[in-house]
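Encoded as structure tokens, the structure appears first; notes follow it.
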Amino acid sequence: MNQHSGTTAVPRPAVEVDEESAPFFDAAARGILMVQRCDDCRAWLAPVARLCTECLSESVSWTAASGRGSVHTFGIMHQIYHPGFESEIPYNIAVVELEEGPRLQTNIVGCANSDITVGMKVSVTFDKISDTVSIPKFAPA
Amino acid sequence: MSRDWMGDSLTLAARAVKLALEDAGLKKDDLDGLLVNAGVSGAGPRRDGNLSLNLQTTLGLRDLKLANHMNGAGSTAGQMVQYAALAIQAGICNVVACVFADAPLTPGQSAGAAYGSRGPARGIAALGTHYGFFGANASYALAARRHMALFGTTHDQLGAIAISNRKWAQMNPRALRRAPLTLEDYHRSRWICEPLHLLDCTLVNNGGVAVIVASPERAAGLKQPPVYVQGMGQGHPGNPRRAGYENEVNTGAAIAKAAAFKMAGVTNDDVDICELYDCYTYTTLVTLEDYGFCKKGEGGPFVADGRLEPGGPLPTNTGGGQLSGYYMWGMTPLSEAVIQTRGQAGERQVKKHDLVLVSTQGGVLDYHATLLLSPHKSL
């Protein structure tokens, strides 16, 4: 399940936490998936929203999501664009629609690529790639 | 058009404008408007060779009344003609060159490297790259997958589009891929990002295309028969990226079409030829749905059985399109539409060419511009 167990010579592209994304990654390290939510109209928003796409409020807050969702669509990548994926092809890429509404890019773990289907129920799991960075991925629920 | 290096994109653009002027029987001093659209790259060893408004200086154009570097992604070609026409109608200028050029294939850089863009390394935005989302191939694969899941669209149906394009390309001396293509060849072509095979994806090449827009009065009596813009429109749906929206299976064509067809006073039955932005086989399929040639979700059965092929009832992408012809963004459908409308397509000329639909499409089904072209001043 963890694709970063040290067998890959070149790792996947790094993810650096910045000030804006710190709340997201702090929560991820604790096993919580955060998205953003409008403080005024309560619309659920994808990270990172500059302002609410519904009411244009600039008051949006990081909010814990359920972590449950379904596969909106997915693909299986065979082309290598970065050496970090050489040992992983073919690997899956997916868009998961959270129960709250926002759609997130992700990878599906915990099942074979050939078992992924559109509409499949999934829940979040975290891939710890460093002391500070855990990456949300989704596994069959 | 070539997969070889022919010069930087600024040089290619200058050559394209020169050829367009010669073709029209105009001199460069006749131009008083210039709209440019650079592709992804192509500066070459001189570093200053990317197409930009520097084209004015390169061509020695003076006292222009309209100049802009436009970027509506793949929809730009259609948009440039629209803004040129609007400016001319408003009396701002008289003769506008619209030019696209690109040279992504530099010695040592593949198409994948040129188009497989990488995101930033910091913050939330870095996640996409970490997950392995690269370039347009991934995004269009996800869109095609959604269509297949919702509507049962098949690889045989997508393959039918690739084959149709190749049949047309075999009659186009400018087309870069003309070898015969079978459905077996299509299925055997390697995966890029499932569900897309290599032969679902556009080729990539260097080149430049220019078209010149003028009023009917100014165009009368020039070297070439005029091509009249009978209708135009744009549609940019916006992708909220959350539940309740189906951007993967809907384009801006439906919005753009409404304005363009109303302006021209025509219906789908009046369209003789479709020249559609076909960066992927799937793009053709979903675009035909959104123009209303078939219902949403029925694009698969609609394109099977040779409907789009030479001799079929809806000749589409008659120069081979982007898949087999040449990849000049929206200038691919636009240039072939001009050739067909004039009746100058030689072996591949479609007999009835009174109304030609041009669709230019960009982003991931995000931006759309429509033109309706005709050899007739009034329909």
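The figures follow:
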quantity: Search result, residues across the stretch B:148-175 that are open to solvent by 40 Å² or more (accessible area, probe 1.4 Å) and among the charged types (D, E, K, R); calculated: B:156, B:167, B:174
quantity: Options B:122, B:178, B:145: the member that is within 7 Å of another protein chain (Cβ to nearest Cβ), of a type outside the set (A, V, I, L, M, F, W, C), open to solvent by 30 Å² or more (accessible area, probe 1.4 Å) and more than 21 Å from residue B:251 (Cα to Cα); calculated: B:122
quantity: Test result for residue B:206, away from chain A (no Cβ under 14 Å) and either open to solvent by 20 Å² or more (accessible area, probe 1.4 Å) or touching a Gly at 6+ places or on another chain (Cβ under 6 Å) (or both); calculated: no
quantity: Candidate set from the stretch B:176-196 (those that are in a helix (DSSP H, G or I) and over 28 Å from residue A:85 (Cα atoms)); member that is farthest from the chain's Cα centre (by Cα); calculated: B:184
quantity: The stretch B:297-337, residues that are buried (at least 24 other Cβ atoms within 10 Å of the Cβ) and farther than 14 Å from residue B:275 by Cα; calculated: B:299, B:303
quantity: Matching residues in the stretch B:335-379 - criterion: being closer than 21 Å to residue B:38 by Cα, assigned to a strand (DSSP E or B) and not aromatic (Phe, Trp, Tyr); calculated: B:358, B:359, B:360, B:361, B:362, B:368, B:369, B:370, B:371
quantity: Criterion (open to solvent by less than 50 Å² (accessible area, probe 1.4 Å) and touching a residue at least 12 places away in the same chain (Cβ under 8 Å)) met by exactly one of A:64, A:94; calculated: A:94
quantity: Any chance residue B:173 is assigned to a loop (DSSP other than H, G, I, E, B) and either within 14 Å of chain A (Cβ to nearest Cβ) or within 22 Å of the chain's Cα centre (by Cα) (or both); calculated: yes
quantity: Scope the stretch A:81-91; condition open to solvent by less than 30 Å² (accessible area, probe 1.4 Å) and more than 8 Å from every other protein chain (Cβ to nearest Cβ); matching residues; calculated: A:84
quantity: Test result for residue B:129, away from chain A (no Cβ under 14 Å), farther than 22 Å from residue B:275 by Cα and β-branched (Val, Ile, Thr); calculated: no
quantity: Odd one out for residue B:139 among (1) more than 25 Å from the chain's Cα centre (by Cα); (2) touching a residue at least 60 places away in the same chain (Cβ under 8 Å); (3) within 12 Å of chain A (Cβ to nearest Cβ); calculated: (1)
quantity: Residues located in the stretch B:48-94, provided they are among the hydroxyl-bearing types (Ser, Thr, Tyr) and within 18 Å of residue B:213 (Cβ to Cβ); calculated: B:75, B:76, B:83
quantity: Failed criterion for residue A:31 (all others in (1) away from chain B (no Cβ under 12 Å); (2) closer than 18 Å to residue B:241 by Cα hold); calculated: (2)
quantity: Spans of helices (runs of 4 or more DSSP H) in the stretch B:236-318 with at least 1 residues in contact with a Cys (Cβ under 6 Å, 6 or more places away or on another chain); calculated: B:299-303
quantity: In the stretch A:48-61, the residues that are within 12 Å of chain B (Cβ to nearest Cβ) and either hydrophobic (A, V, I, L, M, F, W, C) or in contact (Cβ under 8 Å) with a residue 40 or more places away in the chain (or both); calculated: A:48, A:49, A:52
quantity: Test: residue in the stretch A:69-79 that is surrounded by 20 or more Cβ atoms within 10 Å (Cβ to Cβ), free of Cβ contacts under 8 Å to residues at least 24 places away in the same chain, within 11 Å of chain B (Cβ to nearest Cβ) and in contact with a helix residue (DSSP H, G or I) (Cβ under 6 Å, 6 or more places away or on another chain); calculated: yes
quantity: Extreme residue, farthest from residue B:280 (Cα to Cα), among residues of the stretch B:181-192 that are more than 14 Å from every other protein chain (Cβ to nearest Cβ) and buried (at least 18 other Cβ atoms within 10 Å of the Cβ); calculated: B:181
quantity: Residues satisfying the stated conditions in the stretch B:223-238, i.e. open to solvent by 50 Å² or more (accessible area, probe 1.4 Å) and within 19 Å of residue B:363 (Cβ to Cβ); calculated: B:234, B:236, B:237
quantity: Subset of the stretch A:83-121 that is of a type in the set (Gly, Ala, Ser) and in contact with a Phe, Trp or Tyr (Cβ under 8 Å, 6 or more places away or on another chain) - its residue that is nearest to residue B:131 (Cα to Cα); calculated: A:94
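Quick grid of which residues meet (1) under 26 Å from residue B:114 (Cβ atoms); (2) touching a strand residue (DSSP E or B) at 6+ places or on another chain (Cβ under 8 Å); (3) surrounded by fewer than 20 Cβ atoms within 10 Å (Cβ to Cβ); (4) at pLDDT 95 or above:
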residue	(1), (2), (3), (4)
B:35	yes, yes, no, yes
B:38	yes, yes, no, no
B:43	yes, no, yes, no
B:48	yes, no, yes, no
B:60	no, no, yes, yes
B:64	no, yes, yes, yes
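The values are calculated or read from the model by the stated rules, or taken from the named source; none is laboratory data. If you're wondering where the values come from, they're calculated on a predicted model, not measured in any experiment. As a convention, Cβ positions derive from the backbone with ideal geometry for all residues, glycine included, and neighbour counts pool all protein chains shown. Each accessible area value is taken on the protein alone, full model and side chains, heavy atoms only, with ligands, DNA and RNA left out. Shrake-Rupley method; radii C 1.70, N 1.55, O 1.52, S 1.80 Å.
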